[in-house]
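Enquirer: One structure follows; several queries about it will come next.
The values are calculated or read from the model by the stated rules, or taken from the named source; none is laboratory data. The shown structure was predicted, so the numbers you read here are calculated from the model rather than taken from an experiment. No Cβ is skipped: glycine too gets one built from the backbone with ideal geometry, and neighbour counts run over all protein chains shown.
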Amino acid sequence: MSLTAPLMTPPPVLRLLPVPVSEPPYDDELPPRPASRAAPIGPLRSLPPLLRLVPDLPLDQEAPRPRTPASELPPARAVARALVQGLLEVLSGVRPLTQLQRGTSTELYAELEERVQAARRTDGRRPVTGAVRSLHVQQRDDGVAEVCATVHRGQRMAAVALRLEGVDGRWCCTDLAGL
């Protein structure tokens, strides 16, 4: 141990820095813009055909998609039960219709949309989990399943029939009767 006092380092020198500007400049503080000779962008119809926002064919004239065989699809029973329960919840007003868009064809979705908009609002009670009482599925190898279900709606029982078709590796409801 040394008997001399340790050398003290001098404190750092403090500097005062200006605060950076955090707001954008006002319009009168901007530099003048050079005159542009380019024509302004016109309506969407003037875009090149590669950038079209709407498909050329209307929805009713789309080419039919190839049907997925039943061997490549999930079990139809579980999909049908979830779809029927979802339909009951949409019709009672506790689930938005958009949640069923992926599981229905465009034509059926449009019909459901009209029906939901025309129907008067209910009290919004959620259908009970066991609202789908019985479910019978007849499945074919070509990717078609016909479903018949008995459902509990309020104080009454009702029958529902669905047609599921395999499209793009999933079941899609193309027809509905009874609700």
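Enquirer: What is the residue count in the range 129-144 for residues that are touching a residue at least 12 places away in the same chain (Cβ under 8 Å), part of a strand (DSSP E or B) and more than 26 Å from the chain's Cα centre (by Cα)?
Expert: 6
Enquirer: Please determine whether any residue of the range 39-53 is at pLDDT 75 or above and surrounded by 10 or more Cβ atoms within 10 Å (Cβ to Cβ).
Expert: Scanning the range 39-53 turns up no residue that is at pLDDT 75 or above and surrounded by 10 or more Cβ atoms within 10 Å (Cβ to Cβ).
Enquirer: Here are some residues: 75, 10. Which one is farther than 30 Å from residue 158 by Cβ and at pLDDT 80 or above?
Expert: None of the others qualify; the one that does is 10.
Enquirer: Could you list all residues from the range 66-111 that are touching a Phe, Trp or Tyr at 6+ places or on another chain (Cβ under 9 Å), closer than 17 Å to residue 176 by Cα and among the hydrophobic types (A, V, I, L, M, F, W, C)?
Expert: 76, 79, 80, 83, 97, 100 - these are the residues of the range 66-111 that are touching a Phe, Trp or Tyr at 6+ places or on another chain (Cβ under 9 Å), closer than 17 Å to residue 176 by Cα and among the hydrophobic types (A, V, I, L, M, F, W, C).
Enquirer: While we're on this one: From the set of residues in the range 145-161 that are surrounded by 15 or more Cβ atoms within 10 Å (Cβ to Cβ), among the hydrophobic types (A, V, I, L, M, F, W, C) and touching a residue at least 24 places away in the same chain (Cβ under 8 Å), which is farthest from residue 134 (Cα to Cα)?
Expert: That would be 145.
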